[in-house]
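Inspection log for the structure reproduced underneath, given as structure tokens.
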Amino acid sequence: METLQAPNVSSLDHLLPQEPLLMMGAGPVPIPHKVAYANSIVINHLGETMNKVIEQVKEMGAYVFQTTSRHVLGVAGPGSAAMEMAIVNLVEPGSKVLAVCNGYFSRRMADMAARVGGEVVVMEVASNRAADPEEVEGYLKQGDFRTLTIVQGETSNTVFNRHLEAISRLAHRYGCMVIVDAVCTLSTMPLEMDRWKIDAVITGGQKGLSSIPGVSLLAFSENAWSRIAARRHTLSHWCLDALLADKFWNQKSYHYTAPVSGILALHEALRLVCEETLPRRFERHALCSLALQRGIEAMGLELPVSADVRLNSVVGITVPDGVSGDAVRTHMSRVHRVEISGSFGANIVRIGQMGEQSRAHNLFRTLHALGTSMQFAGAAVDLPSGIAELEKGLTGS
Ligand SMILES: *Cc1c(COP(=O)(O)O)cnc(C)c1O
């Protein structure tokens with residue numbers, strides 16, 4: 001019998017660079033050694049050890065979300081799977097959804113809500129502005145919205161929805177549940193699920209938490225869980241059904257084989273967050289991001305979003321006229337071994353400040369690489385001033 005020939009492929013030793021690129025884009029971000037090590041282990045997905053791991057992941061997750069809800073769940077999949085899990089479980093077919101859209105990721109939630117049959121009304125936020133609570137109230141007044149979706153930090157255009165707390169409390173007053181996408185922001189800046197009256201928070205592994213991509217975490221409020229428990233229709237999504245996932249996450253039994261290595265990695269990432277504590281982690285992220293922003297501006301480059309609504313977790317930088325953002329990024333990658341992100345349309349490049357990215361040595365290397373690569377691509381930048389300003393920002397002078 002003739003079989004197909006085995007393909008002749010390269011081993012990873014040939015494909016991967018000698019020294020990994022420094023990942024300073026919009027995610028995935030560098031992972032600590034403890035996380036990488038945990039990710040190399042496989043254990044039984046059920047049993048005593050896994051039960052203990054899951055209990056601790058839920059406990060640490062509740063801390064990071066700032067909730068006392070017992071409905072912290074993980075999902076095998078990207079941040080978008082957590083997003084979809086929140087949406088398919090909370091948006092009933094035919095129910096009204098207010099989708100506050102700032103950009104690419106908040107629009108993804110609107111799309112998902114429409115796909116499950118939600119009657120979606122989009123509130124389009126002007127570019128480079130934060131969603132305005134009064135405008136949101138105008139929509140809520142028009143009637144019977146059951147669910148509101150909003151992003152805390154819009155990674156695509158680097159806008160920060162600074163009025164998230166006010167908007168969430170407002171929606172709560174109107175009896176409307178709130179789903180928050182905190183994929184890039186969680187553990188980098190304050191978010192208080194219970195106090196802010198949020199009903200579902202979603203995150204991914206590979207951004208603020210500095211874990212691996214592919215295993216994500218979300219939490220439902222007790223209120224949200226009542227809606228889920230009371231539903232009459234059968235979800236068409238089997239893997240994402242929160243009532244089935246609850247079997248694994250709360251009842252120590254089988255739903256699907258959990259991504260054990262990724263959960264162990266997430267455990268370690270969360271443990272490092274707990275060890276650092278949230279207040280200190282927020283402080284580190286703010287200090288690093290603001291110092292980086294100061295350095296970029298001192299080099300003579302512009303930030304497209306005004307300071308009051310600028311996202312600290314992912315910093316957008318305007319590419320000067322006549323300069324190619326792709327040329328800058330390619331040079332950074334090839335020559336300096338530093339990777340940053342391009343954009344979704346606007347002529348910007350983006351530098352992440354999430355988890356391990358917010359370390360002084362990574363900032364100096366990245367800013368230096370950005371400056372010389374901008375010069376290489378034809379931009380006039382003052383590199384020494386930028387580096388000096390970064391140093392001042394980091395030392396608080
Ligand atoms: C990255 C990101 C997502 C999507 O996460 P994936 O893991 O790529 O699915 C969603 N929302 C925001 C705000 C993000 O930054």
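The values are calculated or read from the model by the stated rules, or taken from the named source; none is laboratory data. Computed from a predicted structure; not experimentally measured. Please note: Cβ atoms are built from the backbone with ideal geometry, for glycine as well, and neighbour counts cover all protein chains shown. Each accessible area value is taken on the protein alone, full model and side chains, heavy atoms only, with ligands, DNA and RNA left out. Shrake-Rupley method; radii C 1.70, N 1.55, O 1.52, S 1.80 Å.
Cβ-Cβ under 8 Å, sequence separation 6+ or interchain: first residue in segment 24-49 and open to solvent by 60 Å² or more (accessible area, probe 1.4 Å), partner basic (Lys, Arg) and more than 16 Å from the ligand (Cβ to nearest atom). Which pairs?
LYS34/ARG271
Quick one: how many residues across segment 198-215 are surrounded by 24 or more Cβ atoms within 10 Å (Cβ to Cβ), part of a loop (DSSP other than H, G, I, E, B) and near the ligand (Cβ under 10 Å from one of its atoms)? Step through it out loud before you land on a result.
In the first step, residues of segment 198-215 are kept if they are surrounded by 24 or more Cβ atoms within 10 Å (Cβ to Cβ); the result is 198-211, 215.
Subset that is part of a loop (DSSP other than H, G, I, E, B): 198-199, 204-211.
Remaining after also requiring near the ligand (Cβ under 10 Å from one of its atoms): 204-208.
Counting residues in segment 198-215 that are surrounded by 24 or more Cβ atoms within 10 Å (Cβ to Cβ), part of a loop (DSSP other than H, G, I, E, B) and near the ligand (Cβ under 10 Å from one of its atoms) gives 5.
Out of (1) buried (at least 16 other Cβ atoms within 10 Å of the Cβ); (2) farther than 30 Å from LEU383 by Cα, the odd one out for ALA230 is which?
Here ALA230 meets the rest and fails (1).
For segment 308-335, which positions are among the hydrophobic types (A, V, I, L, M, F, W, C), away from the ligand (no atom under 16 Å from the Cβ) and over 15 Å from GLY25 (Cα atoms)?
Those that are among the hydrophobic types (A, V, I, L, M, F, W, C), away from the ligand (no atom under 16 Å from the Cβ) and over 15 Å from GLY25 (Cα atoms): VAL319, VAL323, ALA327, VAL335.
Kindly state which helices (runs of 4 or more DSSP H) lie completely within segment 89-197 and contain at least 1 residues that are aromatic (Phe, Trp, Tyr), in contact with a helix residue (DSSP H, G or I) (Cβ under 9 Å, 6 or more places away or on another chain) and within 14 Å of the ligand (Cβ to nearest atom).
Once the helices (runs of 4 or more DSSP H) in segment 89-197 are filtered for at least 1 residues that are aromatic (Phe, Trp, Tyr), in contact with a helix residue (DSSP H, G or I) (Cβ under 9 Å, 6 or more places away or on another chain) and within 14 Å of the ligand (Cβ to nearest atom), what remains is 104-115.
Could we say that GLU275 is closer than 16 Å to VAL64 by Cα and either at pLDDT 95 or above or of a type outside the set (A, V, I, L, M) (or both) here?
Judged against the criteria, GLU275 is a match.
Spot the failing condition for PHE145; the list is (1) touching a residue at least 40 places away in the same chain (Cβ under 8 Å); (2) open to solvent by 30 Å² or more (accessible area, probe 1.4 Å), and only one is missed.
(2)
Does TRP249 satisfy the condition of being free of Cβ contacts under 8 Å to residues at least 60 places away in the same chain and among the aromatic types (Phe, Trp, Tyr)?
Against the criterion (free of Cβ contacts under 8 Å to residues at least 60 places away in the same chain and among the aromatic types (Phe, Trp, Tyr)), TRP249 does not qualify.
Surrounded by 15 or more Cβ atoms within 10 Å (Cβ to Cβ) and more than 16 Å from the ligand (Cβ to nearest atom), is that true of GLN18?
Here the answer is no, as GLN18 does not meet what is asked.
Would you confirm, using the coordinates I've provided, whether THR185 is in the same structural domain as VAL64 (by TED's automatic domain parsing) and open to solvent by less than 10 Å² (accessible area, probe 1.4 Å)?
yes
Working only within segment 216-227, note down all residues that are assigned to a helix (DSSP H, G or I) and either within 28 Å of SER261 (Cβ to Cβ) or open to solvent by 10 Å² or more (accessible area, probe 1.4 Å) (or both).
Just the residues of segment 216-227 that are assigned to a helix (DSSP H, G or I), to begin with: 222-227.
Listed by number, the residues that qualify are GLU222, ASN223, TRP225, SER226, ARG227.
List pairs: first in segment 197-222 and without any contact (Cβ under 8 Å) to a residue 40 or more places away in the chain, second away from the ligand (no atom under 14 Å from the Cβ) and open to solvent by less than 10 Å² (accessible area, probe 1.4 Å), Cβ under 6 Å, 6+ apart or cross-chain?
LYS197/SER168; ILE198/SER168; ILE198/VAL178
State which residue is nearest to the ligand (Cβ to nearest atom) when the search covers only segment 67-88 and only residues that are open to solvent by 20 Å² or more (accessible area, probe 1.4 Å) and in a helix (DSSP H, G or I).
Per the stated criteria, the residue is SER80.
Can PRO304 be described as without any contact (Cβ under 8 Å) to a residue 24 or more places away in the chain and either surrounded by 16 or more Cβ atoms within 10 Å (Cβ to Cβ) or within 22 Å of GLY61 (Cβ to Cβ) (or both)?
Spelling it out, it is not the case that PRO304 is without any contact (Cβ under 8 Å) to a residue 24 or more places away in the chain and either surrounded by 16 or more Cβ atoms within 10 Å (Cβ to Cβ) or within 22 Å of GLY61 (Cβ to Cβ) (or both).
Of the residues HIS163, HIS172, only one is of a type outside the set (Ser, Thr, Tyr), touching a strand residue (DSSP E or B) at 6+ places or on another chain (Cβ under 8 Å) and without any contact (Cβ under 8 Å) to a residue 40 or more places away in the chain; which?
Selected residue: HIS172, the only one of HIS163, HIS172 that is of a type outside the set (Ser, Thr, Tyr), touching a strand residue (DSSP E or B) at 6+ places or on another chain (Cβ under 8 Å) and without any contact (Cβ under 8 Å) to a residue 40 or more places away in the chain.
Just to verify a result, which residue in segment 50-60, among those that are open to solvent by less than 50 Å² (accessible area, probe 1.4 Å) and not aliphatic (A, V, I, L, M), is nearest to ALA269 (Cα to Cα)?
Checked segment 50-60; the qualifying residue nearest to ALA269 (Cα to Cα) is LYS58.
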